[in-house]
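What follows is a set of notes on a single structure, which appears directly below.
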Amino acid sequence: MQSFFMPSKTEKYGRICLQLEQLLVKSNDPLARMASINAILYHKMQNFFWVGFYLLNQDRLIVGPYQGPVACMELAKNKGVCWHSVNTQETVIVPNVNKFPGHIACDSRSKSEIAVPLFNAKGQIAGVMDIDSNKPDFFDRTDADFLEKIVKLIY
Ligand code: SME
């Protein structure tokens, strides 16, 4: 049972979505929207250790706006979680980063991860939203559903 002081994940995302809808109308700039999404998720969701975007530039995946510890600036082609999400155009949930083949460790404190594909206004793949948690097995289908909605607010 959830108490008044312990909102469920769904309740937290519900509040965040409302806040984002009000905030993001203030600018249609995708980078400004990504930066604002990062700030809200990083500060409102417990155990979100790193929240950010990797953006496709030609055939390179380069770090965009993020919150959290310093991360890899560019990801080796077709390796790791973010490239897997870009290549499959699917959300990838990784319960244990050490067990994901080719996982790129930007910080050893990261234990689990979710990567959500980002599409531009033409519906083309533009990069990924990537979130790391300092707790193992932290992300589930609830995160995937809400984060897929949230990335649709960018373009
Ligand atoms: N772990 C990611 C790299 C990005 S960092 O987690 C911020 C990957 O394997 O693609």
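Can you work out ³J(HN,Hα) from phi for every residue in the stretch 103-112, in order, using Karplus 6.51 cos²θ - 1.76 cosθ + 1.60 and θ = phi - 60°, giving whole Hz and x for Gly and Pro?
Once θ is set to phi - 60°, the couplings for the stretch 103-112 become 3, 9, 8, 7, 7, 5, 6, 6, 10, 9 Hz.
Given a 1.4 Å probe, how much area per residue of the chain is accessible, in Å²?
55
Could you derive backbone 3J(HN,Hα) for the stretch 80-96 from the dihedral phi with the Karplus parameters 6.51, -1.76 and 1.60 (θ = phi - 60°), listing whole Hz in sequence and x where the residue is Gly or Pro?
Calculated HN-Hα couplings, in order: x, 6, 5, 5, 4, 5, 4, 5, 8, 6, 10, 5, 10, 9, 10, x, 9 Hz.
Once you list every other residue whose beta carbon is under 12 Å from the beta carbon of TYR66, what net charge do they have if Lys and Arg are +1 and Asp and Glu are -1?
With Lys, Arg at +1 and Asp, Glu at -1, the neighbours total -3.
Hey, what D do you get for the stretch 9-151 in µm²/s if you plug the Kirkwood alpha-carbon radius into Stokes-Einstein at 20 °C and 1.002 mPa s?
Diffusion coefficient, whole number: 142 µm²/s.
Order of 58-70, 27-39 by packing, highest average Cβ count within 10 Å first?
Ranking, from highest mean packing down: 27-39, 58-70.
When a/c reaches 1.5 or more, the comparison of a/b and b/c decides; with that in mind, is the stretch 53-101 rounded, prolate or oblate per its Cα gyration tensor? Display every interim value, and only then the final one.
On the way: a/c = 1.70, a/b = 1.15, b/c = 1.48.
Note, shape of the stretch 53-101 comes out oblate.
For the chain, which whole percent of the accessible surface, found with a 1.4 angstrom probe, sits on carbon and sulfur atoms?
The nonpolar share, carbon plus sulfur, comes to 53 percent.
Multiplying the sequence separation of MET6 and HIS43 by 0.36 nm and subtracting their Cα-Cα distance, what value in nm do you get?
Result for the pair: 11.7 nm of gain on full extension.
Count the net charge of all other residues whose Cβ sits under 13 Å from the Cβ of SER133, scoring Lys and Arg as +1 and Asp and Glu as -1.
-3
Using +1 on the beta carbon of Lys and Arg, -1 on that of Asp and Glu, and nothing else charged, what's the dipole of the stretch 9-151 about the Cα centre, debye to 20?
Result for the stretch 9-151 is approximately 140 debye, rounded to the nearest 20.
Under a 10 Å cutoff between Cα atoms, tell me which one of LYS44, LYS99, LYS122 has the largest fluctuation in the Gaussian network model of the chain.
Of the options given, LYS122 has the highest mean-square fluctuation.
For the pairs LYS79/LYS99; LYS12/LYS149; LYS99/LYS152, note any where the Cα-Cα span goes beyond 24 Å.
Beyond 24 Å between Cα atoms: LYS99/LYS152.
The values are calculated or read from the model by the stated rules, or taken from the named source; none is laboratory data. Computed from a predicted model, the values in this text were never measured in an experiment. Note: ideal-geometry Cβ built from the backbone for every residue, glycine included; neighbour counts use all protein chains shown. The accessibility values were calculated without ligands, DNA or RNA, using every heavy atom of the protein model including side chains. Shrake-Rupley method; radii C 1.70, N 1.55, O 1.52, S 1.80 Å.
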